[in-house]
Amino acid sequence: MISTLLLNSIIAGFIAGSLCGCTGTICGRMRLSTIAFTMAHAALAGSALSLLLGWNYLITGMLFAVFTAIILGPLSDILRISLDTASMTLFSIYNALTFIFLIMSPGPTLSSEKVGGILWGSILAITPTYLIILITISIIYVMILQIFWGRISSILFDPRLAEAEGVNVKFYTYTLLILAGMIVVFALKITGGFLVFSLLFIPSATSIQISRSLRGMILTSSIIGGLSSTIGILMSFILNLPVGSCIVIGAATIFAATSIASSIIRSRVIEGERVEVGS
């Protein structure tokens, strides 16, 4: 019989993985991959600070991630540098802060499972409260995509054209980035801070091998993200390995299998077309 802890972990992992897969695809289409990458490490730095100060790591990590999403645009404008350059600058700063906060943390805290959970993820960290909040965020996320899909899809297709049509591109972009920051913070509890960005972009890369439409890619990446998390959690539970690493291995395995299958199918289609032309 499946224990309540494992069941909660599987449910939370599937939801978080699905949200990460969807978010990774959206960020990739909006060319905001580096920003999402930076937000993941901002959440990690915030979580490390929470260990030092004894605060709630979800709140601290979320503040760091949301602050990053809000500040990056104005920062790149003020400094007259590209958004990618500003993102990677903050990424370097957050990495440095993470290790500083961890080293400065009290000895008992530094040697506790909390540090391992933040860095590598832990199925033991899943609580009913965490699960309820995660489900609430997922409902809000899906509702926003459903209600404003017309405008969001136009931004994903061509931001300049969407702006010319009267869509408030900045508002929707920042809204999606803030939601992405919240998702990253909650996924961090499962995958760990060093690997959470893998769950954002490996399912997205896999979906490109399968789908051609935007809706198809978002749906496929969501399913693959959820499956990757479920496989990783089960591997971690059975083999007693870090859950974040197992999730990434699961996602990478699905990506490799999909890429090989896609290549075989394409080669057969091309070969069939050549035979038809030859005949």
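Taken together, the values in this text are just the output of simple stated rules run on the coordinates, not laboratory data. Everything quoted here is computed from the prediction, not taken from an experiment. Heads up, the Cβs are rebuilt from the backbone with ideal geometry, glycines too, and the neighbour counts pull from every protein chain shown.
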Counting only C-alpha contacts under 8 Å and six or more residues apart, can you give the relative contact order of region 37-90 as a whole percent? 34
Between 34, 253, 230, where does the largest GNM mean-square fluctuation fall for the chain, given springs only between Cα atoms within less than 10 Å? 253
Suppose a student asked you for the relative contact order of region 4-278, using Cα pairs under 8 Å spaced at least 6 residues apart; what percent would you report? 32
Excluding residue 173 itself, calculate the net charge of residues whose Cβ lies under 12 Å from the Cβ of residue 173, where each Lys or Arg counts +1 and each Asp or Glu counts -1. +3
Which ordering of 39, 235, 104 is given by a fewest-first count of other beta-carbon atoms within 10 Å? 104, 235, 39
Checking 184, 142, 243 against a Gaussian network model of the chain (alpha-carbon springs below 10 Å), the top fluctuating residue turns out to be 142
Of the chain, which part is the longest with no trypsin sites (Lys or Arg not before Pro) in a loop (DSSP not H, G, I, E, B) and with at most 13 other C-beta atoms within 10 angstrom? 81-211
When the helix-only estimate is applied to the chain (DSSP H runs of n ≥ 4, each -39,500 (n - 2.57), divided by the residue count), what is the mean residue ellipticity at 222 nm, nearest 500 deg cm²/dmol? -29000 deg cm²/dmol
Have a look at 133, 265, 15 and tell me which one the Gaussian network model of the chain (Cα, springs below 10 Å) gives the largest fluctuation. 265
Using alpha carbon centers only, region 30-108 is separated from region 203-263 by a whole-angstrom value of 26
If Lys and Arg each add +1 and Asp and Glu each add -1, what is the summed charge of the other residues whose beta carbon sits under 14 Å from the beta carbon of residue 76? +1
